[in-house]
Amino acid sequence: MNILGNIFGEVCKTLFPIPEEVYFGNLKSSIAICVLSSVPLLKEIANSELMNNISLVGKLFSENKGIDSIIRHINSNSNVKIIIICGKEGWGHKPGSSLIAVYKNGIDDDGRIINSLSPDPFLTVSKTEVKKFQSRVKIINKIGITNFGEISSLVHSKQN
């Protein structure tokens, strides 16, 4: 990222801090849910019985730090085998599309997500970490789906 981009990013973090929101459920579950920018869906899932059937649910607003966190968490939790990506795609940053791109294509030597359309798709995780992530999980792309019932039905159909 360029210097101006770094400065703008720091200003945004100060003026509009985005707290990391992750809710943990049944840590033995093989399913995690990423709701992208759909905070109402995040709250609905977090306050439901569905938490008994999933390892965690969280949001994803950025195409870099958020994806780094997901990769690191998945690599440290051997139980999670499925990530359901749902909810509304973040305007501008397209983190859901970038998560799918890193899953399908990996990163280049500079840490850039290959074939990402996001403005700043650079990760700090290594290629080795990305390859481990790619081999450990299956991503189910339900970007755009915000209906709790649909997500719940999908979770129940994928349980071991």
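Please treat every number below as a calculation from the coordinates, not as lab data. Quantities reported herein were computed from a predicted structural model and do not represent experimental measurements. Neighbour counts are summed over all protein chains in view; Cβ atoms, including those assigned to glycine, are modelled from backbone coordinates with ideal geometry.
For the pair Lys138/Ser157, report the inter-label distance in nm, with labels modelled 7 Å from Cα in the Cβ direction.
If labels sit at Lys138 and Ser157, their model points lie 1.2 nm apart.
How large is the charge dipole for the chain, taken about the Cα centre, if only the Cβ atoms of Lys, Arg (+1) and Asp, Glu (-1) carry charge, to the nearest 20 debye?
Numbers: 18 positive and 14 negative charges, 104 e Å.
Roughly 500 debye for the chain.
Please tell me which of these pairs span more than 25 angstrom C-alpha to C-alpha: Lys28/Lys94; Lys131/Lys158; Lys28/Lys131; Lys59/Lys132; Lys104/Lys142?
Pairs exceeding the cut-off: Lys28/Lys94.
Given charges of +1 on the Cβ of Lys and Arg and -1 on the Cβ of Asp and Glu, with all other atoms neutral, how large is the dipole of the range 21-106 about its Cα centre, in debye to the nearest 20? Don't skip to the answer; put the middle values down first.
Working: 9 positive and 6 negative charges, 34 e Å.
The calculation lands at about 160 debye.
Taking 0.36 nm per residue of separation and subtracting the Cα-Cα distance, what length does fully extending Glu150 through Lys127 add? Please report the intermediate quantities before stating the final value.
Values: separation 23, 0.36 × 23 = 8.28 nm, distance 3.40 nm.
Working it through step by step, the gained length comes to 4.9 nm.
Using a Förster distance of 25 Å, how high is the FRET efficiency between Asn105 and Val39, based on the Cβ-Cβ distance and rounded to 0.05? Can you show the working numbers first?
On the way: r = 29 Å, r/R0 = 1.14.
Given R0 = 25 Å and the Cβ-Cβ separation, E is 0.30.
Would you pull out the residues with amide H under 5 Å of Arg112's amide H, same chain only if 5 or more places away, H placed 1.01 Å from N?
So Arg112 has HN proximity to Leu123.
At 27 Å minimum axial length over the Cα atoms and a Kyte-Doolittle cut of 1.6, report the qualifying DSSP H helices in the chain, or say none. Walk me through the intermediate numbers first.
Values: long enough: none.
In the chain, no H run is both long and hydrophobic enough.
Under the classification rounded if a/c is under 1.5, otherwise prolate if a/b is larger than b/c and oblate if not, where does the range 80-160 fall, given a ≥ b ≥ c as square roots of the Cα gyration tensor eigenvalues? Could you put the intermediate results ahead of the total?
Numbers: a/c = 3.59, a/b = 1.46, b/c = 2.45.
Oblate shape, in that a/c is at least 1.5 and b/c is the bigger or equal ratio.
Quick check: residue separation of Glu49 and Asn115 times 0.36 nm, minus the Cα distance between them. What number comes out in nm? Walk me through the intermediate numbers first.
Values: separation 66, 0.36 × 66 = 23.76 nm, distance 3.71 nm.
Contour length minus Cα-Cα distance gives 20.0 nm.
Using only the alpha carbons, work out the radius of gyration and Dmax of the chain in angstrom.
According to the Cα coordinates of the chain, Rg and Dmax are 15.3, 48 Å.
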